[in-house]
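Single-structure report; data block below.
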Amino acid sequence: MRRPAPSAPLAPTDGAIALAFAAAYVALLLATAGDLGYARDEGFYFHAANRYGAWFQALLDAPRAALDPAAVDAAWSVNHEHPGLIKSLFALSNLFLQKRLGLFAMEGTSYRFPAMVLSGAGVALVYLWGTQARDRIAGASAAVLFAMLPRYFYHAHLACFDAPIVTIWALCAYAYWRALRDGGALWPVLTGITFGLALDTKHNSWFLPIVCVAHAVALELRERIVAPAAATEEAPTGTRAAPPQQQQPQRAARRSIVALAAMATIGPLVFYALWPWIWRDTLSRLREYASFHLHHEYYNMEFLGRNYWTPPMPRAYAPVMTAATVPVVTLCLFAAGLCASARERLLYPLARAAARLAPPGGGGALAAARAFAARLRPPAVDPGGTALLWFLAIAAVYGAWLSPSTPIFGGTKHWMTAYPFIALFAGAAFSAAVRRARVALHALHRARRGAGARPGAASFGRGARVAALDRAARGPLLPALLGAAVFAAPIAETLHAHPWALSSYTPLVGGAPGAANLGLNRTFWGYTTGSVVEYLNEHVPPRGTVYVHDTAGPAWDMLLRDGRLRKDIRGVGAVAGADFALYHHEKHMLGQAYQAWVAFGTTSPDHIAGLDGVPVILVYRNPAR
């Protein structure tokens, strides 16, 4: 007889814990946003959000005029190479939370706030999914490990799409999983709705159908091949009906079709309704949108000392950068969780299949397989195919980087949708480690309790130690101590790297200094200007000029609007004649440093800022000015 399904209904306490995770993460993001500069893409989205916000205001004031096709196109054609949902949230947050309520000390935070909230929701979702699929310890540890990924923590601050799509992508996969596990009409509908939200967030939502279809096919194969064989073995003699446990995979396979149908029908409707730019000339504009991303131009990125800007791109980029930027303990737990799931879900059916081929009383390898299969414990019934879904979500995202034409310019942000599932495997492994530690403590407790039965003066002290072992094995102290040991490194790495997270690397490659020696990219997006505003405020003369280099104009303007930069400091687009020049270190931008040397007559920067002694942004001062 198989074990019962590992998933269970959530308790009301779990909702409160998930809300606490989300609130704590958003509070941490807000507390650490003040010293984080604005990325280049954020500047473009500020501009787009302002145009959308003006349209929303017009929609409130004069709905008929705002819905005129010309008015819609005038507002929503801005930055139409990306869908409108998240930029709409930026606009609404700035329009209502900032301009009407004045909730934020800096206006830039009002644009960033929706992404922060969605990031907090993603942490809560990881907790809920891990708790339902495994247990509360697995959920909590997965949530912490996911939240404390240095690169993800950086992106969770930004008014960009990369962190929001991680949450919405995982939410769609979760709704699909619940549709398979629970049935009914609600979860398939939610699967379709969340898929539409993902489509209107970012183009990597296109991977979701690949994951879900592959999962549905695997469930169908399980129904047709594995389940009938197991039913034949386990059904009582003389009966043909499959046991109830075997009917659950069959129901899940049917439910997957319903969920996929909802994705194919409801998803596009939600996508269309929430993106006004495609309300007219829909097909031609969708072709334009798809073409932009399928034929995206290549930007520069340094990898292992070489600058890449045209194909072929290095196939090792995604795995190497994952190993170099994800905390080592998280990677080790992920590998342990993945291997445990593979052993449980693959080894048992394969061994049973080999055993069925072995003739009774025979010898050789097949007989050994029969004996081995008899010792294996059957896996728990899992109608949602949980581990398989998690694995496919990771494999589909990383699979794109097997192609040498896949751009690498975005760094780790392009595969961050896999990180919740990596954390879920890691959380499951941590929970298993806690269970094994408890078993070991229970065994030690029994052994010492038996030894304590012998008379002697030391029996009183031994009794106290036995009681302490019993409390440690049963109570929350053991997972708390193990958690402190496991989570200390990811938390320390994440907080230490801020606000230089795109320059952060793990000890596996020697941290930021080791990565610099290996020729791994130090930074991009020009956001590190935020780390030198105090220097600029102190040293730039009244109405002085600063060559902003890789900082986008709207991002520089937001630093001024926030009051982080003096209002009289002027950003300029040429180094010649400027009072100061910024240089954000990237291999392909070394020419910008040379220009500053020539224009200013010096090779020595006046100020250097970076992480752990690695120069990331340099400020040159014009001696003649």
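Brief remarks follow.
- Structural descriptor for the chain: relative contact order 19 percent, calculated from alpha carbon pairs under 8 angstrom and at least 6 residues apart.
- Nearest-0.05 FRET efficiency for ASP68 and TYR398, computed from C-beta distance (R0 51 Å): 0.65
- Rounded Å value of the spacing that divides the Cα centres of the range 5-57 and the range 124-189: 13 Å
- Surface accessible to a 1.4 Å probe, TYR398 within the full protein complex, Å²: 50 Å²
- If you plug the beta carbon distance of LEU101 and MET589 into 1/(1 + (r/R0)^6) with R0 = 41 Å, you get a FRET efficiency near 0.50.
- Estimated distance in nm for a label pair at THR602 and ILE491, the labels positioned 7 Å out from Cα along Cα-to-Cβ: 4.4 nm
- Per the Cα gyration tensor, the chain maps to an equivalent ellipsoid with semi-axes of 49, 32, 24 Å, ordered largest to smallest.
- Surface listing: LYS587, LYS87 arranged by accessible area from highest to lowest gives LYS587, LYS87, probe 1.4 Å.
- Area accessible to solvent at ASP281, 1.4 Å probe radius, in Å²: 90 Å²
- Partner lysines whose Cα lies under 26 Å from the Cα of LYS99, excluding those fewer than 8 positions away in the same chain, are identified as LYS87, LYS567.
- Normalising the average separation of contacting C-alpha pairs (under 8 angstrom, six or more residues apart) by the number of residues puts the relative contact order of the range 525-586 at 45 percent.
- Gain upon complete extension [THR265, LEU560; 0.36 nm per residue less C-alpha separation]: 101.6 nm
- Rolling a 1.4 Å probe over the protein heavy atoms leaves ASP606 with an accessible area of roughly 80 Å².
- The label point for LEU331 and the one for LEU283, both projected 7 Å from the Cα toward the Cβ, are 4.8 nm apart.
- 20 Å reach of a label modelled at ALA340, 7 Å along Cα-to-Cβ, counting backbone N of the range 485-500: 485-490
- Of all DSSP beta bridges in the chain, antiparallel share, percent nearest 5: 70 percent
- Within the chain, helix-based [θ] at 222 nm, where runs of 4 or more DSSP H residues each add -39,500 (n - 2.57), nearest 500: -19500 deg cm²/dmol
- Formal net charge of residues neighbouring MET416 (Cβ-Cβ distance under 11 Å; K, R +1; D, E -1): +2
- Qualifying lysines (Cα of each under 24 Å from Cα of LYS587; at least 8 residues distant if same chain): LYS413
- With each label modelled as a point 7 angstrom along the Cα→C-beta vector, the LEU518-ALA443 pair spans 3.8 nm.
- Entry note, the range 62-139: relative contact order of 18 percent, from Cα contacts under 8 Å with a spacing of 6+ residues.
The values are calculated or read from the model by the stated rules, or taken from the named source; none is laboratory data. Because the structure is a prediction, the values reported are computed rather than measured. So basically every Cβ, Gly included, is an ideal-geometry build from the backbone, and we count neighbours across all protein chains shown. Ligands, DNA and RNA are stripped out before the accessible areas are found, and what is left, the full protein with its side chains, is counted by its heavy atoms. Shrake-Rupley method; radii C 1.70, N 1.55, O 1.52, S 1.80 Å.
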